[in-house]
Amino acid sequence: MSPRAAWRLETLGFTEVYDYVAGKADWFAAGLPREGRLTSIPRTGDIARRDDVTCRHTERITDVIKKVREAGKDTCIVTTDGWIVLGRVRIDRLDADVQGQVGDVMELGPTTTRADTMIDSVLERLNSRNVDNILVATSDGRLVGTLYRSDAEARLNDGPAEDSGQPLDDESCCCCKD
Amino acid sequence: MPTSIVREEVQRLITGEAGQLVEVLPSEEYQDEHIEGAINIPLKRLDRETTSHLDKTRPLIVY
């Protein structure tokens, strides 16, 4: 529809017309501001924490371990320079004497959910799989943040978000691949 | 000829060049949810009169 509108506007005398083909679905999926009568329905992008430690696949593992520990985390999300999610490194799962680059040890393709997904449906998914968090990404795979189950539950109950900043154990941490 | 753009360019045009956002979907869809700051002119009503309040000297982004 928007290409037709863009052409129409040019015929009406507008000289600088742009067509945002991906439209509002893409905008919402990136967790960007929206308005309207449905905006009160919480989406994953609204409450995802944006404090993930990120790294590139070419970084040295020893450097990344240091970076993750300094941030008080246990995981590094591996992305491209353009924030596209490639994988994940959980430092508590690495051998003590591990060497090399992140790309050698990262878990490929962690599960993500889109930022415009309604929280209740994601919560159901987390509960059914018994995982505590899930990565939130845009429709083109760029990292937005991490959604924690405790935050989702708190939001749906209209209560304050609990801090779930404790390191994730093997059973509770999100898993790979759908 | 209209130029197709991606999200980052939309953001840049809005913040840096006072771009105007127009949603051309039916008003019901607009009322449900739209990009912050967008106005609604459904495609079928896109004419000289309904666009008269838009500024022709600023970028116009449609979706």
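Screening chain B for strands (runs of 3 or more DSSP E) wholly inside it with 2 or more residues that are surrounded by fewer than 18 Cβ atoms within 10 Å (Cβ to Cβ) returns the ranges B:3-5.
Among all residues of region A:33-55, there is at least one that is outside any loop (DSSP other than H, G, I, E, B), facing chain B (nearest Cβ under 7 Å), at pLDDT 95 or above and within 30 Å of A:ASP120 (Cβ to Cβ). Checking each residue in region B:1-58 for being of a type in the set (Lys, Arg), farther than 21 Å from A:THR138 by Cβ, more than 7 Å from chain A (Cβ to nearest Cβ) and more than 12 Å from the chain's Cα centre (by Cα) picks out B:LYS44, B:ARG45.
Taken over region A:88-101, residues that are closer than 15 Å to A:ARG60 by Cα and out of contact with any helix residue (DSSP H, G or I) (no Cβ under 7 Å at 6 or more places or on another chain) amount to 5. Of the residues in region A:34-49, at least one is touching a Gly at 6+ places or on another chain (Cβ under 6 Å) and aliphatic (A, V, I, L, M).
Scanning region A:130-158 for residues that are part of a helix (DSSP H, G or I), basic (Lys, Arg) and modelled with pLDDT under 95 gives a single hit, A:ARG155. Within region A:24-62, the set of residues being among the β-branched types (Val, Ile, Thr) and touching a residue at least 40 places away in the same chain (Cβ under 8 Å) comprises A:ILE41, A:THR44, A:ILE47, A:THR54, A:THR58, A:ILE61.
The values are calculated or read from the model by the stated rules, or taken from the named source; none is laboratory data. Predicted model only: the values in this text are computed from it and were never measured. Cβ sites come from the backbone with ideal geometry, for glycine too, and all protein chains shown count toward neighbours.
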